[in-house]
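Undergrad: A single structure is presented below for examination.
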Amino acid sequence: MGTLINGIKTEKIMGRSSILKSIKENKPTLISLPEIDVNSFEETINLVEAFKKNVVSVGGSIKELGQIQDLDPEIKNRYPNAKRIFSQISESALGNVQISEQTKPKDLENLDLAILKGVFGVAENGAIWISDEQFSIRILPFITNDLVLILQKKDLCLHMHHAYKIIANRERTFGLFISGPSKTADIEQCLVIGAQGAMSLTIFLV
Amino acid sequence: MSHAKLAEIFNKDEAKVNWHDKALWYVREKRDTAAHNVEGWEYLRDLASGIKANVLSNLDNYLVEFEKNAQQNGIKVHWASNAEEHNKIVYKILTQNNATKVVKSKSMLTEECHLNPYLESKGIEVIDTDLGERIVQLAKEPPSHIVLPAIHKTKEEIDVLFQEHLGTKPSHGDPQYLTNEARKHLRDKFLKADVAITGVNFAIAETGGFVVCTNEGNADMGVHLSKVHIASMGIEKIIPKEEHLGVFLRLLARSATGQPITTYSSHFNKPAPGNAMHIVIVDNGRTEQLSREDFRSSLSCFRCGACMNTCPIYRRSGGYSYNATIPGPIGSILSPGMDMKKHSSLPFASTLCGSCSNVCPVKINIHEQLYKWRQIITKEQKQPLVKKTILKITGMVLAKPKLYAVLGISVRWMLKYAPRFMVYSKLNAWGKSREFPKVENGNFDQWYKNRKNNG
């Protein structure tokens, strides 16, 4: 136990040591950790079809593009009123908002649309992994009114066990699985798309 | 007040009870559909149960490992033995950052610690940002369900509430309009907040990171717009490795709402450049529950709410009838461990049908633990005289077959010929709101013997 010179510090140590001591005294004898047998979850299904079905079921939109040149016309078609657009990918020329190190999260308050690259998708739940590497400022995929993610068709995995293998060696800062647009059913269980995050999510598969 | 008394209050509005019952059963059905779509679902539950059992048996080491890794990533780790310490730590961080405005996403732990009233008493504005939680906050009520905080409220009630507090127009409870107005209101709060507080769904020992799941995006809106993020977690939220998230994230949303995964599953490992991230690890009675061999597995719960949605008692008595932070079946085995006197009626608020244990994604034997609490409570606490006497007599009768047969005959005679005030007397609690079935001639024993003779 530390000395009483710094009362706050001592209090902190007390909480920690008393909790750990209490756990040691009260925990059962060691029970071994089970290994995950991923083979139990294997299915032979069409990943693209399953992914598409699940994206729609979670309230998202998805479209396969014949060629990447179709991207901008498709986006304009779907989001005709988007004025302030941030694009993080070179394949789209629609971006007109710049983000630099000086950009503060609050500056993006009125962003209409963000176009980002998805790293990979998960067929079982329509989720896409994105991280700090895809968006330079963390608030971006949440504060934007609408969100577009571009995903390579080959970058799909079956389920979350595969997903965690794929991201096992990433640099861990901030990242997320995003599945559909923000939503809520807190008023009498009625599903409403568009809660506090993005109002819509469109995925373009290339 | 006992669960039965509070349930009686909820049951005054029969139409509302019926709605509540059906709405939650619908969520239960969605859970079933989602579960049946997963190859190896039962194995997944076994894994989750096994991982959590390992966690509880090695909890101190995992917490130390988590702390070390989190600190290496620039996260500040705090420890709180109880609710008071937790609240003080949070307040200290706020004062260090000159913060007066706080946005908070859903965290049952901060409800348990009564953080909001504590901070408000210090002049801090705390805004709950989950829509359901904001609704009950405006109504000055606690959540009535851990996943669906405002499930007890009708849309018309919310309409009136929003008119009063957010200045909305009357809309007959249009969910789209009300949600959109709440979005505008909360947007403003997010932009002005100094500090964001979140809960923790899973904390990973191996990496020192943690995961927060929401559908609304409110946790992320708060965290990424503020300079300081405080995440509060109970000691039992630890999982050993990141790969275990594969197991738990597959189970969580499917069990909770029937979704394949929540909209956002955010993985926090390092604070953003220039920002601060704090974790407060809280005991508050959990190590004591760990000491109770029969009840320790209740600490495996990751708060999906499936046991509430399926429970015939919860669905018809409402969350408030439990008078506890965590209501429903899981709450009824957690709460007596915190305060047995206050919560002594909760383990009896069950039919012991076992449906809760059947849907629990981590396979907690909830109904068996309810039964075990009953035995402890009956021994340690005085039971009502009527209940005690009736149970004693029942035990005597059931132990003597001849007496049972004689009594059976007389009861059937009574039900047929005795006046109503005698049959439906105070001793007959069952008959308070139910009618006995019509009595036919004979009993099972006679019927069985006749059947044998005839055929």
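Undergrad: Taking each full run of DSSP H in chain A as one helix, which ones are at least 24 Å long along their axis (Cα atoms) and have mean Kyte-Doolittle hydropathy of at least -1.0?
TA: A:7-26
Undergrad: Restrict the search to region B:348-455; then list the GluC sites (Glu not before Pro) that DSSP places in a loop and that have at most 14 other Cβ atoms within 10 Å of their Cβ.
TA: Of the GluC sites (Glu not before Pro), the ones in loops of region B:348-455 whose Cβ has at most 14 other Cβ atoms within 10 Å are B:GLU435, B:GLU440.
Undergrad: With labels modelled as points extended 7 Å from the Cα through the Cβ direction, what inter-label distance (nm, one decimal) is found for B:TYR371 paired with B:ASN97?
TA: Here the answer is 4.9 nm between the modelled labels.
Undergrad: List the lysines whose Cα sits under 26 Å from the Cα of B:LYS372, skipping any in the same chain fewer than 8 residues away.
TA: Excluding near neighbours in sequence, the set is A:LYS24, A:LYS27, B:LYS5, B:LYS52, B:LYS237, B:LYS341, B:LYS342, B:LYS363, B:LYS382, B:LYS387, B:LYS388, B:LYS392.
Undergrad: From the Cα gyration tensor of chain B, with a ≥ b ≥ c the square roots of its eigenvalues, which class applies: rounded if a/c is under 1.5, or else prolate if a/b is larger than b/c, or else oblate?
TA: prolate
Undergrad: Right, next: Summing Lys, Arg as +1 and Asp, Glu as -1, what charge do residues with Cβ under 9 Å from the Cβ of B:ARG315 carry, B:ARG315 excluded?
TA: Combined, the nearby Lys, Arg, Asp and Glu give +2.
Undergrad: Could I ask something else about it? With r defined as the distance between the Cβ atoms of B:VAL423 and B:ARG316 and R0 fixed at 22 Å, what FRET efficiency is calculated, to the nearest 0.05?
TA: Taking R0 as 22 Å, the efficiency between B:VAL423 and B:ARG316 is 0.35.
Undergrad: Using Cβ counts within 10 Å as a stand-in for footprinting exposure, how do A:MET199, B:MET277, B:MET221 rank, fewest first?
TA: Lowest count first: A:MET199, B:MET277, B:MET221.
Undergrad: Using only the alpha-carbon atoms, how far is helix B:401-417 inclined from the longest principal axis of chain B? Give it as 0 to 90 degrees, nearest 10.
TA: Compared with the principal axis, the helix lies near 90 degrees.
Undergrad: Residues in region A:96-126 near a label at A:ASP72, defined as backbone nitrogen under 18 Å from the 7 Å Cα→Cβ point?
TA: Within reach of a label on A:ASP72: A:96-98, A:113-117.
Undergrad: Over region B:295-423, what is the mean sequence separation of C-alpha contacts under 8 Å (at least six apart), divided by residue count, expressed as relative contact order in percent?
TA: 20
Undergrad: Now for a different question. Give the angle, between 0 and 90 degrees and rounded to the nearest 10, that separates the Cα long axis of helix B:155-166 from the longest principal axis of the Cα atoms of chain B.
TA: With rounding to tens, the tilt is 30 degrees.
Undergrad: Percent relative contact order of chain B, based on C-alpha pairs within less than 8 angstrom and at least six residues apart?
TA: For chain B, the relative contact order is 21 percent.
Undergrad: What does the average come to when, for each residue of peptide A:164-175, you count the partner chain Cβ atoms lying within 10 Å of its Cβ?
TA: Mean shielding count: 5.
Undergrad: Return the calculated 222 nm mean residue ellipticity for the protein assembly as shown, to the nearest 500 deg cm²/dmol, obtained by summing -39500 (n - 2.57) across DSSP H runs with n ≥ 4 and dividing by the residue count.
TA: The helix-only estimate for the protein assembly as shown comes to -13500 deg cm²/dmol at 222 nm.
Undergrad: Moving to a separate point now. Taking square-rooted eigenvalues a ≥ b ≥ c of the alpha carbon gyration tensor, is region A:74-206 rounded, prolate or oblate, where a/c under 1.5 means rounded and, failing that, a/b exceeding b/c means prolate?
TA: Rounded, because the longest to shortest axis ratio a/c is under 1.5.
Undergrad: With the crude spin-label approximation of a point 7 Å out along Cα→Cβ, what separation in nm comes out for A:SER18 versus B:ASP21?
TA: Going by the 7 Å Cα→Cβ label model, 4.7 nm.
Undergrad: While we're here: Which parts of region B:250-292 would a label at A:ASP107 reach, counting a residue when its backbone N lies under 14 Å from a point 7 Å out along Cα-to-Cβ?
TA: So the set is empty, nothing qualifies.
Undergrad: Tell me, what is the percent relative contact order of chain A, built from C-alpha pairs under 8 Å that lie six or more residues apart?
TA: 23
Undergrad: Still on this model: Compare the peptides B:179-187, B:336-344 by average per-residue count of other Cβ atoms within 10 angstrom and give them in order, highest first.
TA: B:179-187, B:336-344
Undergrad: With both partners inside the protein assembly as shown, how many of the DSSP beta bridges are antiparallel, as a percent to the nearest 5?
TA: 35
Undergrad: Taking the alpha-carbon distance from B:LYS68 and a cut-off under 13 Å, which aspartates and glutamates remain once sequence neighbours fewer than 8 residues away in the same chain are dropped?
TA: Excluding near neighbours in sequence, the set is B:ASP60, B:GLU206.
Undergrad: While we're on this one: For B:ASN11 paired with B:THR389, estimate the spin-label separation in nm (one decimal), with each label point 7 Å from Cα along the Cα-to-Cβ line.
TA: 2.3
Undergrad: For an R0 of 60 angstrom, estimate the FRET efficiency from the Cβ-Cβ distance between B:LYS452 and B:HIS172 and round to the nearest 0.05.
TA: After rounding to 0.05, the efficiency reads 0.40.
Undergrad: How do B:VAL362, B:VAL397 rank when sorted from fewest to most other Cβ atoms within 10 Å of their own Cβ?
TA: Ranked by crowding around the Cβ, least crowded first: B:VAL397, B:VAL362.
Undergrad: So, one more: Mind checking which lysines have their C-alpha under 24 Å from A:LYS104, skipping anything on the same chain fewer than 8 residues away?
TA: Qualifying lysines at Cα under 24 Å: A:LYS83, A:LYS117, B:LYS76, B:LYS101, B:LYS104, B:LYS184, B:LYS189, B:LYS192, B:LYS227, B:LYS270.
Undergrad: Neighbour counts of other C-beta atoms within 10 Å: give me B:HIS86, B:HIS152, B:HIS165 arranged from fewest to most.
TA: B:HIS165, B:HIS152, B:HIS86
Undergrad: How long is the gain from B:ALA399 to B:SER291 if the chain were fully straight, where each residue apart is worth 0.36 nm and the alpha carbon distance is subtracted?
TA: Gain on extension, B:ALA399 to B:SER291, equals 35.2 nm.
Undergrad: Follow-up. Please compute the length gained on full extension between B:LYS122 and B:GLU141, using 0.36 nm multiplied by the number of residues separating them and subtracting their Cα-Cα distance.
TA: Extra length available between B:LYS122 and B:GLU141 comes to 4.8 nm.
Undergrad: While we're here: Would you mind checking the tilt of helix B:14-36 against the longest principal axis of the Cα atoms of chain B, expressed as 0 to 90 degrees and rounded to 10?
TA: Compared with the principal axis, the helix lies near 70 degrees.
Taken together, the values in this text are just the output of simple stated rules run on the coordinates, not laboratory data. Computed from a prediction, not measured in an experiment: that's the story for all the values here. Every residue, glycine as well, gets a Cβ built from its backbone with ideal geometry; the counts of neighbours run over all protein chains shown.
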